[in-house]
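Let me begin by presenting the structure, written as structure tokens, before commenting on it.
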Amino acid sequence: MSHHDQAMRRHFHQAAARRGFSVAPAQEAAVARLSRLAAELARPAWTFPRPPRDLYVWGPVGRGKSWLVDTFYEGLPAGRKRRLHFHDFFRRLHDGVTRPGARHDGQSAVDSALDELIGDSRVLVFDEFHAHDAGDAMLIARLFPTLLDRRITLVTTSNYPPAGLMPDPLYHHLFEPTIKLIEERMDVLDVSGPVDFRRLAAPPSEAGGRRFATGLCLPPGDSALEALGLGVPAPAEATTVPAHRRELPARAVRGELVWFAFDALCETTTAVPDYLALAERFDTLVLDGVPPLAEASTDGRQRFANLVDVACDRDVRLVLIGSDPLASLPDGQAQVRDLDRTASRLAMLRRAD
Ligand SMILES: Nc1ncnc2c1ncn2[C@@H]1O[C@H](COP(=O)(O)OP(=O)(O)OP(=O)(O)O)[C@@H](O)[C@H]1O
Ligand SMILES: [Mg+2]
């Protein structure tokens, strides 16, 4: 075992100890493989005919996938590494390909957008790979072969095994070539242990100082809201807030806090780039009028799930006022797989007792 391999293993164990846990049995293979990758990346690139093999780490929610790849990333030497969230990667790629003045001869527009995103990195960490709608799936299918052919090692996480990507039976076959490519070209690591660590998580005050973990989920009029300075906005506080290429109507902006009605954010045609823009500007997002999720529209539910994803990833504090979305999660239906992850994240928010 090389020096770099050992150093990365030690880094994993120390990072776990700092947060008060230890590497779980289901994570050990991933720790070993990521440590080996760190050693491979420590060799000069010219000593390789090809970059080290790509990794695909998958498992259900809360198994520590993001923790594993983030810890790996932190443990690598500075420079020549990139980490992008799936949504962000595609937002930037899409903007690059469709930007006015971008070359419109298809493949080369993709190539120059990728050049910009990858730069001279040797490793690209790409959290939460998934393909839920046909548009994303087609873009990934078009892009992925080019990405895999780059002299870069891809490390990605997903809630799905490769064969489970693009679950919609209508489009699944369009994604099969990409699945085949992933299975051939990437080392697939399953970290499906028995425990969703997020559900075991320490109370918010001890959850590693993450802002997201200080969020709340309360019924309207709860006395805690007033006590926290979250009084109902006056009509005069209503304003608009810039999002991605649009303005959104907010009930209030108070410093780093923005307050929306659920319908204004989730029941209109907003999308992930809007949530990312909000997350860049604000550190607290209040949503009132939150319905039981079973009563939201299918799109509304999906937008809410994406919003929770972005808030968790960008560490934005969420304050949900209304019904507890978790209390009424529909059971055993097709959409539960998506809501699983939302539920695991929302379980971190403090509720009224
Ligand atoms: N071995 C472990 N023991 C206890 N807690 C852990 C362990 N590994 C990770 N965690 C913690 O569990 C929580 C969830 O981990 P993480 O966010 O990495 O899950 P995930 O697999 O990425 O979930 P998702 O699929 O929802 O993105 C984090 O707070 C993380 O620090
Ligand atoms: Mg994750």
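Laboratory data are not the source of any read-out in this text; all were calculated from the coordinates shown. Note that the structure is a prediction, hence the values are computed from the model and not measured. All Cβ positions, glycine included, derive from the backbone under ideal geometry; neighbour counts span all protein chains shown.
General remarks:
- The chain - share of DSSP beta bridges that are antiparallel (%, nearest 5): 15 percent
- Among MET138, MET348, MET166, the order by Cβ neighbours within 10 angstrom, fewest to most, reads MET138, MET348, MET166.
- Judged by the ratio a/c of the largest to the smallest principal axis of the C-alpha gyration tensor, region 201-352 counts as rounded, that ratio being less than 1.5.
- Axis of helix 298-313 versus longest Cα principal axis of the chain: the two differ by about 70°, to the nearest ten degrees.
- Table column - 3J(HN,Hα) (Hz), region 72-87, Karplus curve with 6.51, -1.76, 1.60, x for Gly and Pro: 4, 4, 4, x, 7, x, 5, x, 6, 9, 9, 9, 9, 6, 3, 4
- Cα gyration tensor shape for the chain, rounded if a/c is under 1.5, else prolate or oblate: prolate
- Spatial offset of region 249-316 relative to region 163-190 amounts to 30 Å, using the alpha carbon center of each.
- Using alpha-carbon coordinates, inclination of helix 25-42 to the longest axis of the chain, degrees: 60 degrees
- Size of charge dipole - region 3-190 - debye, nearest 20, with Cβ of Lys, Arg +1 and Asp, Glu -1, no other charges: 760 debye
- A simple rule links phi to the HN-Hα coupling: the Karplus curve 6.51 cos²θ - 1.76 cosθ + 1.60 with θ = phi - 60°, which for region 140-155 gives 4, 4, 6, 8, 4, x, 5, 5, 5, 7, 5, 7, 8, 9, 9, 10 Hz, with x for Gly and Pro.
- 5 angstrom amide H check on VAL319, placed H, neighbours 5+ away: LEU216, LEU285, VAL286, LEU287
- 5 angstrom amide H check on VAL57, placed H, neighbours 5+ away: THR156, THR157, SER158, LEU189
- Coordinate range of the alpha-carbon atoms in region 3-190 per principal axis, descending: 48, 39, 28 Å.
- The magnitude of the dipole of the chain, with charges of +1 and -1 set on the Cβ of Lys/Arg and Asp/Glu and taken from the Cα centre, is near 1280 debye.
- With Cα atoms, 0 to 90° folded angle of helix 336-346 axis to the chain main axis: 70 degrees
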